[in-house]
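Student: Have a look at this one.
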Amino acid sequence: MAQITLDIFRFDEATDTVPHRDKVAVNVPPTTTVLDALEAAKAEVDGSISFRRSCRSAICGSCSMNINGVTGLACKTPCNTVMDENGVVSVDPMPNFQPMKDLVVHMDPFWDKYTRLKPYLQPKDKDSDHERERRVDPEDMKKLVQVANCVMCATCYALCPVVSVDPSFAGPAAIAYAYRFIEDVRDDQRGERIAQISDDYLWLCAHCYACSYCPKHVDPHDRIVDVKRAAIKDRVMMNERGPRHALVVNKTIRQTGMLQETEVIQGTVGRFNITGLIKVAPLGLRLASRGKLPPIFMKPIPKVDEIGIIFDALEVPVS
Amino acid sequence: MTTTLLPEERAIDSHRKSHSAQTRRYGFFPGCVAKESCKELFNSTMLLAEKIGIELIELTAASCCGASVVNDTNRDVARVLNARTYAQAEALGLDDVITICSTCTGHMRAANKELLESEERLAHANGILGKFGAKYNGSVMVRHLLWLLIDDIGLDNLKKMVVRPLNGLKVAPFYGCHIIRPESVNGWESARQPHSLEDLITAIGGEPVDYAGKTRCCGFHIQLEKDGIAPAMVGQNMRMAKDNGAEAVITPCPLCHLALDGYQADSAARWGRTDLPTFHLPQLVAFALGVPADTLGLNKHIIDPRGALVARELIS
């Protein structure tokens with residue numbers, strides 16, 4: 001048996017003002033999961049060590065935590081893949097959450113965003129109108145299977161850099177789960193759902209792919225893009241900055257072949273939105289002071305008509 | 001026994017030795033920002049190319065890569081736009097397309113992966129390209145200049161070419177998202193623990209600064225969606241770099257450069273003053289290799305990086 005040392009974040013909001021750390025050594029094989037090592041520490045050394053867990057097999061989504069600075073499920077992470085040369089594994093509560101006790105965090109903001117979605121089917125007709133369950137064509141179900149694997153472990157939410165600076169952002173899991181209902185053929189609230197999630201800052205996703213570390217391979221980022229496409233297709237809240245940005249980018253690429261920075265800023269913020277433009281002006285002035293403002297008019301790339309042919313063939317929206 | 005790799009462990013052919021690498025003639029895709037507000041990036045790239053003896057052949061008729069935004073409205077357009085670019089490289093007999101932007105790298109590689117993994121998608125793209133007589137055969141690989149420096153030139157060779165070592169300048173690497181994530185698209189190095197920029201900083205005589213923000217987002221893509229959001233993300237990351245002793249930042253992405261260079265003034269209220277100058281990757285490498293500092297466009301930065309070079313007695 002190798003010895004694993006867990007370097008554990010300790011904090012109790014009821015009694016502590018600042019956290020401290022405890023090093024706890026356990027005799028377990030190096031292939032033991034971080035969760036089982038924690039269980040051993042709790043059973044054999046210190047019964048007060050607190051962490052959430054249930055299934056121990058990546059289905060319940062309870063045990064997400066920071067393991068050597070990387071957020072993931074403790075039950076899915078063997079110690080020997082993360083420990084340092086001295087056999088030390090450091091465990092911390094998930095970032096982007098308020099710690100409650102040791103590795104347990106207050107999950108309320110995450111659940112709040114999830115419940116706002118009304119995460120249940122809202123069909124047009126009543127269940128009692130049907131003699132049997134509603135049947136769905138397997139083809140229609142296919143696109144929902146991946147996102148239905150979400151175990152709500154909040155790993156993506158903890159990793160999201162937008163959530164870390166702006167808690168009003170719905171976060172990856174909630175938007176991906178909105179997709180699960182938006183694209184369900186049995187649901188009758190598609191428009192309301194898209195409007196709701198747009199209101200919860202759907203368009204604030206930064207495309208950073210931090211959520212690509214999803215332990216269940218839900219790929220929240222790709223579902224966020226799907227919801228954006230649904231919003232554009234159904235023309236929901238088109239006067240918000242997100243959809244305007246997407247469309248003006250398309251427009252400048254179609255016209256010049258390039259993403260024309262000056263045009264994109266005006267088109268997104270609004271040409272006549274003086275207050276809005278004043279707010280983005282400081283960066284423009286700083287750039288101007290270095291003689292590096294992007295050009296106002298751009299020469300189209302050679303053979304720019306080919307871009308038009310591509311856009312027409314794919315029916316790419318530009319307004 | 002076969003091992004099933006998790007998506008984040010899968011690497012696509014990032015380390016292939018290309019015909020371009022053998023002949024040192026590469027297709028070059030500068031991207032929109034290096035042609036618009038960061039012309040100093042374009043210029044310093046060309047100066048570096050000359051110094052290391054490679055030929056970058058600009059694909060002048062190439063369009064924007066889609067910049068992550070066009071995907072938001074249509075699932076096919078980025079793939080077909082980029083297939084058009086790759087067809088241009090093939091027509092010039094080039095099998096590498098070199099980028100100098102993390103966002104271009106990620107989105108062009110994603111488009112290429114979609115094309116190369118499905119005959120159906122490749123045929124669909126070619127059906128449209130055929131309307132103007134173009135065709136993409138699937139031979140192109142998209143690589144960032146950073147990867148070219150390490151794989152094709154080599155760190156040992158670069159080290160030998162250094163004539164102005166950085167004298168221990170403490171440089172914080174800032175990767176930008178799309179050159180590392182998702183790993184299923186990039187896969188050239190670990191997205192969670194990348195070290196190519198650190199290796200490069202060491203090779204040119206600097207001292208890399210480790211900090212958690214190096215693989216986090218700069219906020220560029222959402223700077224217009226909500227006021228104050230990009231400065232908050234910039235401030236958070238630059239605070240970490242500064243607290244760990246950074247004197248300057250290096251980034252392979254001009255979008256990150258614009259955000260980091262442009263928004264530190266706005267982030268000071270929340271995160272304190274950081275004022276870290278942000279070098280474009282080729283600027284700092286070219287500088288160490290002896291390209292005259294006054295040709296690298298350092299005066300075009302909002303936070304003037306010459307101060308950091310003066311402090312280390314690298315320029316007067």
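The values are calculated or read from the model by the stated rules, or taken from the named source; none is laboratory data. Here the structure is a predicted model, which means the values were calculated and not measured. Here the Cβ positions follow ideal geometry from the backbone for every residue, glycine too, while neighbour counts run over all protein chains shown. Just the protein is used for accessible areas: all its heavy atoms, side chains included, with ligands, DNA and RNA removed. Shrake-Rupley method; radii C 1.70, N 1.55, O 1.52, S 1.80 Å.
Student: Only one of these is farther than 30 Å from residue A:180 by Cα and modelled with pLDDT of 90 or more: A:222, A:234, A:305. Name it.
Tutor: Numbers: A:222 fails: farther than 30 Å from residue A:180 by Cα; A:234 fails: farther than 30 Å from residue A:180 by Cα.
Of A:222, A:234, A:305, the one residue that is farther than 30 Å from residue A:180 by Cα and modelled with pLDDT of 90 or more is A:305.
Student: In the stretch A:298-319, how many are small (Gly, Ala, Ser) and closer than 15 Å to residue A:258 by Cα?
Tutor: Our first condition is that a residue be small (Gly, Ala, Ser); within the stretch A:298-319, this holds for A:308, A:313, A:319.
Narrowing further to those that are closer than 15 Å to residue A:258 by Cα: A:308.
Total meeting the criteria: 1.
Student: I'd like the full set of residues that are modelled with pLDDT under 95 and in a loop (DSSP other than H, G, I, E, B), limited to the stretch A:1-27.
Tutor: A:1, A:2
Student: Hey, any hits in the stretch B:109-132 for a residue that's outside any helix (DSSP H, G or I), modelled with pLDDT of 95 or more, assigned by TED's automatic domain parsing to the domain that holds residue B:24 and buried (at least 23 other Cβ atoms within 10 Å of the Cβ)? Full working, then the answer.
Tutor: Going through the stretch B:109-132, the residues outside any helix (DSSP H, G or I) turn out to be B:118.
Checking the rest, the ones that are also modelled with pLDDT of 95 or more come to none.
Looking for residues that are outside any helix (DSSP H, G or I), modelled with pLDDT of 95 or more, assigned by TED's automatic domain parsing to the domain that holds residue B:24 and buried (at least 23 other Cβ atoms within 10 Å of the Cβ), one finds none in the stretch B:109-132, hence no.
Student: Can you tell me which residue in the stretch B:220-247 is least open to solvent (accessible area, probe 1.4 Å), limited to those that are under 25 Å from residue B:307 (Cβ atoms) and part of a loop (DSSP other than H, G, I, E, B)?
Tutor: Among those residues, the one meeting the criterion is B:246.
Student: Can you confirm whether residue B:284 is more than 19 Å from residue A:286 (Cβ to Cβ), assigned to a helix (DSSP H, G or I), open to solvent by less than 30 Å² (accessible area, probe 1.4 Å) and not hydroxyl-bearing (Ser, Thr, Tyr)? Give the derivation first.
Tutor: On the way: more than 19 Å from residue A:286 (Cβ to Cβ): yes; assigned to a helix (DSSP H, G or I): yes; open to solvent by less than 30 Å² (accessible area, probe 1.4 Å): yes; not hydroxyl-bearing (Ser, Thr, Tyr): yes.
Against the criterion (more than 19 Å from residue A:286 (Cβ to Cβ), assigned to a helix (DSSP H, G or I), open to solvent by less than 30 Å² (accessible area, probe 1.4 Å) and not hydroxyl-bearing (Ser, Thr, Tyr)), residue B:284 qualifies.
Student: Only residues that are among the small types (Gly, Ala, Ser) and at pLDDT 95 or above: list them for the stretch B:189-212, please. Step through it out loud before you land on a result.
Tutor: Going residue by residue through the stretch B:189-212, those that are among the small types (Gly, Ala, Ser) are B:190-191, B:196, B:203, B:205-206, B:212.
B:196, B:203, B:205, B:206 - these are the residues of the stretch B:189-212 that are among the small types (Gly, Ala, Ser) and at pLDDT 95 or above.
Student: Just one of (1) within 12 Å of chain A (Cβ to nearest Cβ); (2) farther than 21 Å from residue A:311 by Cα trips up residue B:67, so point out which.
Tutor: (2)
Student: For the stretch B:294-307, what are the residues that are surrounded by fewer than 19 Cβ atoms within 10 Å (Cβ to Cβ) and away from every other protein chain (no Cβ under 13 Å)?
Tutor: Matches in the stretch B:294-307: B:294, B:295, B:307.
Student: Let me ask something else about it. For the stretch A:266-277, state whether one or more residues are within 10 Å of chain B (Cβ to nearest Cβ), in contact with a Ser or Thr (Cβ under 6 Å, 6 or more places away or on another chain), closer than 30 Å to residue B:131 by Cβ and open to solvent by less than 50 Å² (accessible area, probe 1.4 Å).
Tutor: Looking through the stretch A:266-277, none of the residues is within 10 Å of chain B (Cβ to nearest Cβ), in contact with a Ser or Thr (Cβ under 6 Å, 6 or more places away or on another chain), closer than 30 Å to residue B:131 by Cβ and open to solvent by less than 50 Å² (accessible area, probe 1.4 Å).
Student: Next question, about the same structure. Within the stretch A:153-170, which residues are in contact (Cβ under 8 Å) with a residue 40 or more places away in the chain and either open to solvent by 20 Å² or more (accessible area, probe 1.4 Å) or within 14 Å of chain B (Cβ to nearest Cβ) (or both)? Step through it out loud before you land on a result.
Tutor: Let us first name the residues in the stretch A:153-170 that are in contact (Cβ under 8 Å) with a residue 40 or more places away in the chain, namely A:153-164, A:167, A:170.
Once the filter is applied, which keeps residues that are in contact (Cβ under 8 Å) with a residue 40 or more places away in the chain and either open to solvent by 20 Å² or more (accessible area, probe 1.4 Å) or within 14 Å of chain B (Cβ to nearest Cβ) (or both), the stretch A:153-170 yields A:155, A:156, A:158, A:159, A:160, A:161, A:162, A:163, A:164, A:167, A:170.
Student: So, of the residues in the stretch B:176-229 that are within 13 Å of chain A (Cβ to nearest Cβ), in contact with a Lys or Arg (Cβ under 8 Å, 6 or more places away or on another chain) and of a type in the set (D, E, K, R), which turns out to be nearest to residue B:108 (Cα to Cα)?
Tutor: Among those that are within 13 Å of chain A (Cβ to nearest Cβ), in contact with a Lys or Arg (Cβ under 8 Å, 6 or more places away or on another chain) and of a type in the set (D, E, K, R), it is B:183.
Student: Inside the stretch A:278-297, can you point out the residues that are more than 8 Å from chain B (Cβ to nearest Cβ) and surrounded by 15 or more Cβ atoms within 10 Å (Cβ to Cβ)? Walk me through it before giving the result.
Tutor: Looking only at the stretch A:278-297, we keep the residues that are more than 8 Å from chain B (Cβ to nearest Cβ), and these are A:278, A:281, A:284-285, A:288, A:296-297.
Answer for the stretch A:278-297, where residues must be more than 8 Å from chain B (Cβ to nearest Cβ) and surrounded by 15 or more Cβ atoms within 10 Å (Cβ to Cβ): just A:284.
Student: Here is a further query. Pick out, from the stretch A:71-142, the strands (runs of 3 or more DSSP E) lying fully within it that include 1 or more residues that are touching a residue at least 60 places away in the same chain (Cβ under 8 Å) and open to solvent by less than 40 Å² (accessible area, probe 1.4 Å). Show your work before the answer.
Tutor: On the way: elements: A:88-92, A:98-101, A:104-106.
Counting at least 1 such residues, we get A:88-92, A:98-101.
Student: Within 19 Å of residue A:10 (Cβ to Cβ), open to solvent by less than 20 Å² (accessible area, probe 1.4 Å), among the small types (Gly, Ala, Ser) and not assigned by TED's automatic domain parsing to the domain that holds residue A:162, is that true of residue A:37? Steps first, answer last, please.
Tutor: Numbers: within 19 Å of residue A:10 (Cβ to Cβ): yes; open to solvent by less than 20 Å² (accessible area, probe 1.4 Å): yes; among the small types (Gly, Ala, Ser): yes; not assigned by TED's automatic domain parsing to the domain that holds residue A:162: yes.
Here the answer is yes, as residue A:37 does meet what is asked.
Student: Condition first: more than 17 Å from the chain's Cα centre (by Cα) and not small (Gly, Ala, Ser). Can you find one or more residues in the stretch B:99-110 that meet it?
Tutor: To start, the set of residues in the stretch B:99-110 that are more than 17 Å from the chain's Cα centre (by Cα) comprises none.
No, the conditions are met nowhere in the stretch B:99-110.
Student: Does the stretch B:248-276 hold any residues that are farther than 16 Å from residue B:228 by Cα, open to solvent by 10 Å² or more (accessible area, probe 1.4 Å) and in contact with a Pro (Cβ under 6 Å, 6 or more places away or on another chain), and which are they?
Tutor: Scanning the stretch B:248-276 gives no hits.
Student: Filter the helices (runs of 4 or more DSSP H) completely within the stretch B:1-105 down to those with at least 2 residues that are surrounded by 24 or more Cβ atoms within 10 Å (Cβ to Cβ) and modelled with pLDDT under 95.
Tutor: Once the helices (runs of 4 or more DSSP H) in the stretch B:1-105 are filtered for at least 2 residues that are surrounded by 24 or more Cβ atoms within 10 Å (Cβ to Cβ) and modelled with pLDDT under 95, what remains is B:32-35.
Student: When you go through (1) in a helix (DSSP H, G or I); (2) modelled with pLDDT under 95; (3) not hydroxyl-bearing (Ser, Thr, Tyr) one by one for residue A:292, which number turns out not to apply?
Tutor: (1)
Student: A further question follows. What pairs come up if the first residue lies in the stretch A:268-294 and is under 17 Å from residue A:239 (Cβ atoms), the second is open to solvent by less than 60 Å² (accessible area, probe 1.4 Å) and not in a helix (DSSP H, G or I), and their beta carbons are under 7 Å apart, counting only those six or more places apart or on different chains?
Tutor: A:268/B:224; A:269/B:224; A:276/A:270
Student: Among (1) closer than 30 Å to residue A:285 by Cβ; (2) within 11 Å of chain A (Cβ to nearest Cβ), there is one condition residue B:47 misses while meeting the rest; what is its number?
Tutor: (2)
Student: Which residue, of A:225, A:185, A:236, is within 14 Å of another protein chain (Cβ to nearest Cβ), under 23 Å from residue A:123 (Cβ atoms), without any contact (Cβ under 8 Å) to a residue 60 or more places away in the chain and of a type outside the set (Gly, Ala, Ser)?
Tutor: Details: A:225 fails: under 23 Å from residue A:123 (Cβ atoms); A:185 fails: within 14 Å of another protein chain (Cβ to nearest Cβ).
Testing whether each residue is within 14 Å of another protein chain (Cβ to nearest Cβ), under 23 Å from residue A:123 (Cβ atoms), without any contact (Cβ under 8 Å) to a residue 60 or more places away in the chain and of a type outside the set (Gly, Ala, Ser) leaves just A:236.
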